[in-house]
Amino acid sequence: MSGGMNSIDAVKKKIKVLQDQAEEAEERAERLQREVEKEKRTREEAEGEVTSLSRRLQLSEENLDRVQERLATALRKLDEVEKVADESERTVFTYQRDKPGDLVRTFSLF
């Protein structure tokens, strides 16, 4: 019977080893599942941040477009004003050269 007891003890030991391995596997599976959930949350947060940054970038690009349009308009107006100023200077210069006394009378009317 001692041979039968040894067989039973061997089976009990084997069962114990298998139970321990099963528990370790379950603990490892739970740990990995927690890690997966953590990674999923991290990914979702990153995706949200990317979405937010993309929207901010889009708004900045739209703002840049508006500012560039305003700058172009301002530069066109400046160019027009410079042309008018140049023309005025030429007119005054010509007027002074040709009729210096008339210029003083002309401005005294204002």
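Computed values, structure above
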| read-out | value |
| --- | --- |
| Choice from LEU53, LEU71, LEU18 with maximal GNM fluctuation in the chain (Cα, 10 Å cutoff) | LEU18 |
| GNM top mover of LYS38, LYS16, LYS83 - the chain, alpha-carbon springs below 10 Å | LYS16 |
| Choice from THR94, THR42, THR51 showing the highest fluctuation, given a GNM over the chain with Cα pairs closer than 10 Å | THR94 |
| Globularity ratio of the chain, using Cα Rg and 2.2 N^0.38 Å | 3.41 |
| Extreme residue, positive dipole direction of the range 2-108, given options VAL81, THR94, SER7 (C-beta unit charges) | SER7 |
| For the chain, size of Cβ-based charge dipole, Lys and Arg +1, Asp and Glu -1, in debye | 100 |
| 0 to 90° range, to nearest 10: angle between helix 2-98 axis and the chain longest Cα axis | 0 |
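Every number in this text was worked out from the coordinates using simple rules, so none of it is lab data. Quantities reported herein were computed from a predicted structural model and do not represent experimental measurements. Note that each Cβ is placed from the backbone with ideal geometry, even for glycine, and that neighbours are counted across all protein chains shown.
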